[in-house]
Amino acid sequence: MDAEDKGHRHGNFPNYYNFHPPQNRLLILEQCGLMTYIRRGLVIGADDDSKLGDDGSKLTLPRKKARLDIAACAAAVGETCSIAVKDDIIYYCDLGCNEGDLTIAMALSLRKAVHHNKKQTVRCLGLDIDSKLIERASNKFSCKGVDDKEKEEFMPVFKDCNLCSGDAHNNACSSFFADSTKTHQEIIPRKMFSLTTIFSTTMWIHINSGDDGLTKFLERACGWTKKYLLIEPQHSGCYRKANVRLRKMKRPEIDVSAERLKMRNQIENEIEKVVTGCGFRRVKIDLEADEQVDDVRTAWNRTLQLYERTEIDED
């Protein structure tokens, strides 16, 4: 990586969260009901289709700001109001975490789902290609200002990792679970993440490793995910803007042509195709039964795509 690119080649922008504070995304996820859906699924472990609409992908919730309200959520879908924790540990992975602000904000939101059960904990892993950003994340969230009890309950881990590399990606996840297993003396052959998020990272994987590289990255992310996968893909126009910025800085441009990146023109649909082909289904939420469901979008016009696993290889 060349520092003169200032993040416009790999997405490793310094001071990214000055422009896109974590609360911007969290507010959208809460208001549209996706965060409630995730928390509710991880707490009560509802795997049956009764929580979904007739098309197998929609949940009807009351029109109000989403919050962790087990009784209200259960009533909305006709379930018995009870809390049955699926896992003692909620594992969360953020791919392309930058310096960790959004990673930690998401993890803290997940902790709202475990206050009913003091024995349930959250373990989070953030991966990013830039070792300097990872060092910042580790300094901010892994050590300073965190007491021993909080570390034991939360334990955020950040690692530098080239996500275009299958070996690097798999090794980072494997070592995270190996360390966790040692800490908790678990004997489990294959651990997976309860939730994986990919915020504004797919384009950088795509332009640096092509269609095949992006497809394999998404397949790896799916393979490491047990329950939910949340993706915010950059749309096709973002690819052009990356070169505009490089051109202004008089830096070498990237080949983002449709000839090289055939998935680019319909990138959001192409990503959905790969993920659903890995045993996931797209989740869309109706806030009112008679309301048409549109894609959830950020203020900067990117979709937030939530997927839920429907099948898993127990081997």
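Please name all residue pairs, on different chains or six or more residues apart, with Cβ atoms under 7 Å, provided the first residue is in region 272-284 and is more than 9 Å from GLN305 (Cβ to Cβ) and the second residue is hydrophobic (A, V, I, L, M, F, W, C) and assigned to a helix (DSSP H, G or I).
Correct list of pairs: VAL274/LEU218; CYS278/CYS222; PHE280/CYS222.
Suppose the filter is over 21 Å from TYR16 (Cβ atoms) and in a helix (DSSP H, G or I); does CYS173 pass it?
Yes.
Given the condition under 18 Å from GLY277 (Cβ atoms), out of contact with any strand residue (DSSP E or B) (no Cβ under 9 Å at 6 or more places or on another chain) and without any contact (Cβ under 8 Å) to a residue 24 or more places away in the chain, answer yes or no: does some residue in region 208-230 qualify?
Checking region 208-230: at least one residue is under 18 Å from GLY277 (Cβ atoms), out of contact with any strand residue (DSSP E or B) (no Cβ under 9 Å at 6 or more places or on another chain) and without any contact (Cβ under 8 Å) to a residue 24 or more places away in the chain.
Please tell me if ASP179 is at pLDDT 95 or above, surrounded by fewer than 17 Cβ atoms within 10 Å (Cβ to Cβ) and part of a helix (DSSP H, G or I).
Considered against the rule, which asks whether it is at pLDDT 95 or above, surrounded by fewer than 17 Cβ atoms within 10 Å (Cβ to Cβ) and part of a helix (DSSP H, G or I), ASP179 comes out as no.
Consider region 257-278. How many of its residues are surrounded by 12 or more Cβ atoms within 10 Å (Cβ to Cβ) and more than 19 Å from GLU232 (Cα to Cα)?
2
Report yes if some residue within region 251-269 is in contact with a strand residue (DSSP E or B) (Cβ under 9 Å, 6 or more places away or on another chain) and at pLDDT 95 or above; otherwise report no.
There is at least one residue in region 251-269 that is in contact with a strand residue (DSSP E or B) (Cβ under 9 Å, 6 or more places away or on another chain) and at pLDDT 95 or above.
Name every residue in region 11-26 that is among the basic types (Lys, Arg) and in a loop (DSSP other than H, G, I, E, B), in order of residue number.
Across region 11-26, there are no qualifying residues.
Residue check: is THR225 modelled with pLDDT of 95 or more, surrounded by 15 or more Cβ atoms within 10 Å (Cβ to Cβ), in contact with a Phe, Trp or Tyr (Cβ under 8 Å, 6 or more places away or on another chain) and of a type in the set (S, T, N, Q)?
Against the criterion (modelled with pLDDT of 95 or more, surrounded by 15 or more Cβ atoms within 10 Å (Cβ to Cβ), in contact with a Phe, Trp or Tyr (Cβ under 8 Å, 6 or more places away or on another chain) and of a type in the set (S, T, N, Q)), THR225 qualifies.
Residue by residue through region 127-143, note down the ones that are at pLDDT 90 or above, under 10 Å from PRO156 (Cβ atoms) and not polar (S, T, N, Q).
Selection gives ALA137 alone.
So how many residues does region 108-126 have that are at pLDDT 90 or above and either surrounded by fewer than 24 Cβ atoms within 10 Å (Cβ to Cβ) or in contact with a Gly (Cβ under 7 Å, 6 or more places away or on another chain) (or both)?
1
Which condition number does ARG264 fail, the rest of (1) touching a residue at least 12 places away in the same chain (Cβ under 8 Å); (2) charged (D, E, K, R); (3) out of contact with any His (no Cβ under 8 Å at 6 or more places or on another chain) being met?
Result: ARG264 fails condition (3) only.
Is it the case that some residue within region 227-249 is among the aromatic types (Phe, Trp, Tyr) and assigned to a loop (DSSP other than H, G, I, E, B)?
no
Can you name the residue in region 1-43 that is within 17 Å of the chain's Cα centre (by Cα) and of a type in the set (Lys, Arg) and, of all such residues, is surrounded by the most Cβ atoms within 10 Å (Cβ to Cβ)?
Filtering first and then ranking leaves ARG40.
The values are calculated or read from the model by the stated rules, or taken from the named source; none is laboratory data. What you are looking at is a predicted structure, and each value in this text was computed from that prediction instead of being measured. Here the Cβ is made from the backbone with ideal geometry for all residues, glycine too, and neighbour counts use every protein chain on show.
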